[in-house]
Structures are given as C-alpha cells and as structure tokens.
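Here the structure is laid out as structure tokens; the discussion comes afterwards.
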Amino acid sequence: MTDITIKITDRNGALHEVLVPTDMAMNIMEVIRSYELVPEGTIGVCGGMAMCASCQCYIKSDHELPEMGSDEDLMLAEAFYVEDNSRLSCQIPITVKLNGLEIELAPES
Amino acid sequence: MIKTDILIIGAGPTGLFTVFEAGLLKLKCHLIDALPQPGGQCSEIYPKKPIYDIPAYPEILAGDLTEKLLEQIASFQPGFTLGERAETIEKLEDDTFIVTTNKGTKHHAPVIAIAGGLGSFEPRKPPIPNIAEFENSGVEYIIRDPEIYRNKKVVIAGGGDSALDWAIFLTNVASEVSLVHRRNEFRGALDSVEKVQELKNTGKIKLITPAEVKEIHGKDHLTGVSIILNKNETIHLEADHFIPLFGLSPKLGPIGNWGLEIEKNAIKVNNALDYQTNIPGIYAIGDVNTYPGKLKLILCGFHEATLMCQSAYKRIYPNKKYVMKYTTVGGVEGFDGTKKEAPKAVVKKIE
C-alpha cells in the first residue's frame with residue numbers, strides 16, 4: 001500500500017514531514033497523535049467526533065478536501081482562533097489525494 | 001470532614017464502576033468531580049452518541065451508560081462532592097490522606113483512586129486580551145447563581161445548548177438578554193432553538209448573529225462589549241455581565257502537582273500489579289493513567305478498577321483473609337440493606 005507525505009507545523013512552529021499510510025482508515029488528527037507532535041491530552045479530546053475543536057488546523061496547500069459537514073461547521077463556529085482555512089483535522093480522512101498536504105495546528109484553547 | 005474507604009476523584013464511567021467493585025468488598029466510596037453531574041465525558045461531551053465496545057451492549061448511548069452505572073451502584077450508596085475540583089492532598093502519619101477541594105471541602109480516606117480521565121473540565125475562555133481582569137467583575141464562564149443577573153443587562157456568547165438554555169432562562173431574570181453567536185445556525189436541541197426564535201420575535205432576546213465579542217470594556221466592573229457583526233461592522237453594547245459559554249475542556253490541573261509521576265499528561269502506574277502510582281495508597285485508573293500498552297477505553301477502565309479494589313482491600317485490611325466470590329454465587333449485598341441474589345432452584349420430589 002502507498003504511503004503519502006504530509007507536512008505538519010506544530011503549535012511551536014516546528015515543521016514535521018511525516019509518512020502516513022493510506023490503508024489504516026486514519027484521519028489527520030490521529031496521524032498527529034501517532035507521531036506525538038503535540039502533548040497527549042491536548043488534541044482529539046472528544047476522540048474525533050467533531051465535538052471539541054482541540055484538533056483545529058489551518059490548511060496551507062490547495063489540496064481538494066472532503067466538504068465540511070454540519071457538525072464540523074458548527075463546532076468551528078464555537079472554536080477560537082478560527083480562520084477561513086480552518087478545519088477540524090479529525091474530519092479529514094487520509095487518502096492518496098492528500099499527498100503533499102501542508103497544515104498548521106491552531107493554538108491550544 | 002467526609003470520611004470514606006476509597007475516595008474516587010472523577011465520576012466518569014471508571015470512577016462509577018469502582019463503587020461497585022469496592023462495594024462487593026464492603027468498602028465505601030465517595031466521589032469528587034468538577035462537573036455538576038456524574039458521567040464525566042460521557043455526560044458532558046457526548047451523552048447522545050453511541051458506544052459499541054461495551055461488552056454485552058451491541059450499542060449503548062453514553063448518557064444511558066452513565067444511567068445504568070448509577071443504577072448498578074445505587075445500593076452501595078456512594079457519596080458525591082460535585083461541582084468541586086480536587087485541589088490538594090495531604091498524607092497523614094497513619095498513611096491515610098486528606099483531599100481538599102477548591103471550595104474547601106475536606107475528604108479523609110485510606111485509599112485514593114484517581115479516575116480523572118483527561119482531567120477536570122474547565123471552561124474554555126475566549127481569547128479576548130483583558131478578559132481575565134473582569135473575571136470577578138462581570139465576566140462569568142459558568143452560571144452559579146442566576147440571581148446576580150436580576151435586572152441586569154447580560155450578553156451571552158456561544159451556540160450550544162448551554163448558551164441557548166441560559167439565554168432562555170435569563171429572560172425572566174435579567175432586564176436585557178443579548179445572545180451573540182458567529183453563525184445564524186445553533187448547535188443546540190431543536191426545541192431550545194425554537195424557543196429562542198420565539199423570544200427573539202417577541203423582543204425578549206436580542207439575537208446578534210453572525211457576530212463575535214471582540215473587546216470588553218469597563219473600569220472596576222464591566223460596562224459593555226464591542227461586537228464585530230457580519231465580519232465588518234463594529235457595534236457597542238452596554239452590559240453589566242458577559243457570559244461566554246463555549247463549552248469545557250479537560251485539564252489535568254492540580255493533580256499534576258501532587259508529586260505523582262507524570263508522563264504524556266497521564267499518571268504512571270504499576271500495571272503488572274494493581275495500578276498504584278509512585279505514592280503508595282494512591283491509585284490511578286482509566287484514561288488518566290499510563291503504562292506500556294495502555295488503551296484509553298472504558299472497558300479497560302472497568303478492568304483496572306476491579307484489580308485496584310482488590311489491592312485497596314489488602315491495604316485497608318492487611319491481615320484479613322479474602323477470596324474473590326462470583327456475584328452469581330455471593331449475590332450483591334447493598335449498604336442500604338437490599339440483597340440481590342440468584343433464585344434458588346426449585347426442588348420437587350417425583351412421586
């Protein structure tokens with residue numbers, strides 16, 4: 001199975017280029033956790049249900065992403081530090097199309 | 001001073017099930033939780049969401065799991081200190097502990113079981129630069145006493161159930177209620193949304209959407225807020241209180257300073273034996289602990305609670321002989337005088 005590469009800027013500004021398998025049904029929040037790019041307990045608090053916004057990230061490249069669901073949209077409406085390119089990383093499943101994706105994690109809140 | 005055998009910090013599923021396992025051993029439990037209701041994340045974050053990996057329940061809502069656990073432990077009469085956060089711990093000369101909450105409630109027990117999940121739930125505070133200056137003078141993240149809003153001008157921010165419910169409630173108390181949200185859509189229960197619509201139509205709630213409170217003003221006490229409307233227009237609103245209701249997020253908090261060994265925001269325990277921490281008599285179970293191979297699952301918390309109670313029993317009664325009994329054999333004898341037991345087989349002679 002193919003692995004893809006994703007560039008993730010963590011909350012301290014450090015850039016990580018990580019290899020991600022496309023056959024493990026992972027989402028981006030889980031990738032960040034699996035590489036331990038932020039302290040455990042500060043991301044994915046709700047487990048990936050779009051109910052806490054602790055995994056908010058900014059999309060920095062122009063990859064085509066799955067459309068935002070209403071859960072994610074309304075959760076972001078209550079999150080802080082939201083920008084036009086904000087997404088909840090738990091709502092973005094890993095697919096081959098995401099190769100080269102660049103994201104930055106939003107501050108913890 | 002509240003006295004008990006096992007003081008459980010955290011009333012989520014793991015903490016609640018601990019009461020049952022302790023009860024089988026005739027040990028009494030008392031629980032402390034920062035939230036005003038038991039259930040932890042199951043009741044606070046996702047009560048209406050299904051869980052599929054509770055053994056023997058192909059599907060159960062998180063809120064229903066909490067209800068069932070409370071029913072299962074009811075006869076063991078657990079005590080609760082809710083809406084208070086465990087703040088400090090003191091070890092006495094006889095190796096027992098005193099845990100004091102942020103409101104000064106003291107609890108005394110020979111065994112402490114930390115079942116704190118990801119930590120205690122703290123309100124999420126919007127990033128408004130001077131907000132901290134008003135935390136005792138007009139900004140409240142949690143409504144404790146609605147009477148302080150009587151005949152006052154109140155601005156509520158948020159789009160979930162608590163923002164909607166309090167906006168509705170305060171229309172009968174405050175002189176003016178404004179509800180500010182970044183969208184026109186709300187995430188709350190449908191009947192609350194409809195009620196707010198009705199109150200808006202009759203002029204009892206001033207609905208300001210899509211908008212965001214960006215600044216707060218005042219000298220000794222809050223006097224108003226500045227709101228960005230439609231992303232470009234700034235409006236100023238007079239107010240006595242600003243209540244941001246953006247939900248809660250868990251923080252490990254004061255437990256992190258109890259001298260326990262912490263790794264990755266979790267408490268290290270001995271999983272080869274009994275889930276005890278580096279301080280004898282303090283155990284950590286459920287999502288709050290870590291050990292090689294740890295999984296943050298409710299069912300793992302149940303297992304950890306069970307083994308932990310056996311160890312707690314030996315700590316409290318070091319010289320007592322004890323052997324594990326199946327509940328089917330021994331029944332369940334509550335502290336309230338009730339007894340559940342398997343019905344005896346009917347024996348009838350054949351003539």
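Since every read-out is calculated from the coordinates, none of them should be taken as a lab result. These numbers were taken from a predicted model, which means no experiment stands behind them. When we count neighbours, we look across all protein chains shown, and the Cβ atoms used for this are built from the backbone with ideal geometry, even at glycine.
How crowded by other chains is A:79-91, given as the mean number of beta carbons from other chains within 10 Å of each beta carbon?
Counting other chains' Cβ atoms within 10 Å and averaging over A:79-91 gives 1.
Taking all pairs of different Cα atoms in the stretch A:2-84, averaging 1/r and flipping that mean, what Kirkwood radius in angstroms comes out?
13.9
Restricting things to alpha carbons, tell me how big the stretch B:1-151 is in terms of Rg and Dmax, in Å.
Considering the stretch B:1-151 through its Cα atoms, Rg and Dmax are 17.7, 54 Å.
Quick one: putting +1 on the C-beta of Lys and Arg, -1 on the C-beta of Asp and Glu, what dipole do you get for the stretch A:1-87 around its Cα centre, in Debye to the nearest 20?
Using only the charged Cβ atoms, the result is roughly 280 debye.
Which value results when the Cα radius of gyration for the stretch B:232-351 is divided by 2.2 N^0.38 Å?
1.80
Under 5 Å between amide hydrogens, which residues at least 5 positions from B:Ile114 or on another chain qualify, with H placed 1.01 Å from N in the peptide plane?
B:Ile9, B:Tyr283, B:Ala284, B:Ile285
Which whole number gives the average count of other chain Cβ atoms within 10 Å of the Cβ atoms across peptide B:248-256?
Taking all residues of B:248-256 together, the mean is 2.
Project the alpha carbons of chain B onto their principal axes and report the range along each, largest first, in whole Å.
Reported extents, whole Å, longest axis first: 86, 62, 38.
Give the order of B:Asp165, A:Asp71 when sorted by the count of other beta carbons within 10 angstrom, beginning with the fewest.
Arranged by neighbour count, lowest to highest, B:Asp165, A:Asp71 become A:Asp71, B:Asp165.
Along its principal axes, what span do the Cα atoms of the stretch B:125-246 show, with the longest given first and each in whole Å?
Extents along the principal axes, in whole Å: 38, 35, 23.
Report the label-to-label distance for B:Gln37 and B:Glu194 in nanometres (one decimal), using points 7 Å from each Cα along the Cα→Cβ vector.
2.1
Extending each Cα 7 Å along its Cβ direction at A:Ala14 and B:Lys294, get the distance between those two points in nm, one decimal.
The two pseudo-label positions are separated by 2.1 nm.
Taking only DSSP H segments of four or more residues, each worth -39500 (n - 2.57), what value at 222 nm results for chain B once the sum is divided by all its residues, to the nearest 500 deg cm²/dmol?
Dividing the helical sum by the residues of chain B leaves -6000 deg cm²/dmol.
Work out the mean other chain Cβ neighbour count within 10 Å for the residues of A:17-25 and drop it here as an integer.
The shielding value for this peptide is 0.
Strictly over 29 Å apart at the Cα level, which of B:Lys49/B:Lys106; B:Lys68/B:Lys200; B:Lys103/B:Lys214; B:Lys68/B:Lys264; B:Lys106/B:Lys251; B:Lys320/B:Lys348 would you flag in this model?
Over 29 Å apart, Cα to Cα: B:Lys49/B:Lys106; B:Lys68/B:Lys200; B:Lys103/B:Lys214; B:Lys68/B:Lys264; B:Lys320/B:Lys348.
Just the number: Rg to Rh for the protein assembly as shown, Cα atoms, Kirkwood Rh, two decimals.
1.02
So how much slack lies between B:Lys49 and B:Ser137, counting 0.36 nm per residue of separation and subtracting their Cα-Cα distance, in nm?
Here the segment from B:Lys49 to B:Ser137 would lengthen by 27.9 nm.
Where does helix B:13-24 land angle-wise versus the long Cα axis of chain B, in degrees 0 to 90, nearest 10?
Roughly 30 degrees, rounded to the nearest 10.
What range in chain A is the longest one free of GluC sites (Glu not before Pro) that are in a loop by DSSP and have at most 12 other Cβ atoms within 10 angstrom?
Answer from the scan: A:1-35.
Roughly how far apart, in whole Å, are the Cα centres of the stretch B:300-351 and the stretch A:1-59?
45
For the charge dipole of the protein assembly as shown, defined by +1 on Lys and Arg C-beta atoms and -1 on Asp and Glu C-beta atoms about the Cα centroid, which residue among B:Ala113, A:Pro39, B:Ile267 has the Cα displaced farthest towards the positive pole?
B:Ala113
Test of understanding: extend the Cα→C-beta vector of B:Asn230 to 7 Å, then name every residue of the stretch B:193-216 with backbone N under 15 Å from that spot.
B:208-212
What is the distance in Å between the Cα centres of the stretch B:207-236 and the stretch B:53-88?
40
When the dipole is taken about the Cα centre of the stretch A:34-84, and only Lys, Arg (+1) and Asp, Glu (-1) are charged at their Cβ, what size is it in debye, to the nearest 20?
200
From the phi angles alone, apply the Karplus equation (6.51, -1.76, 1.60; θ = phi - 60°) to the stretch B:327-336 and give each ³J(HN,Hα) in whole Hz, x where the residue is Gly or Pro.
Once rounded to whole Hz, the list reads 5, 5, 8, x, x, 10, 9, x, 7, 9.
At q = 0.12, 0.13, 0.18 Å⁻¹, work out log10 I(q)/I(0) for the stretch B:60-215 with the Debye formula, treating every Cα as an identical point scatterer and leaving solvent out; two decimals please.
-0.76, -0.85, -1.16
How much FRET efficiency would the formula 1/(1 + (r/R0)^6) give for B:Lys206 and B:Glu351, where r is the Cβ-Cβ distance and R0 is 60 Å, rounded to 0.05?
According to the calculation, E is roughly 0.10.
Helix B:298-316 versus the longest principal axis of chain B: what angle, 0 to 90°, nearest 10, using Cα atoms?
With both axes taken from Cα atoms, the answer is about 60 degrees.
Quick one: dipole size for chain B, taken about the Cα centre, charges +1 on Lys/Arg Cβ and -1 on Asp/Glu Cβ, in debye to the nearest 20.
720
Give the calculated FRET efficiency between A:Glu102 and B:Glu215 to the nearest 0.05, with a Förster radius of 30 Å applied to their Cβ-Cβ distance.
For R0 = 30 Å, the calculated efficiency reads 0.35.
Could I have the simple spin-label model distance between B:Leu61 and A:Thr95, label points 7 Å from Cα toward Cβ, reported in nm to one decimal?
In this crude label model, B:Leu61 to A:Thr95 measures out at 3.3 nm.
By how many nm would the segment from B:Thr328 to B:Leu273 grow when fully extended, if each residue of separation counts as 0.36 nm and the alpha-carbon distance is taken off?
Full extension of this stretch gives 17.2 nm more.
Which GluC sites (Glu not before Pro) in the stretch B:256-325 pass both tests, a DSSP loop state and at most 13 other beta-carbon atoms within 10 Å?
In loop regions of the stretch B:256-325 (DSSP not H, G, I, E or B), the sparsely surrounded GluC sites (Glu not before Pro) are B:Glu261.
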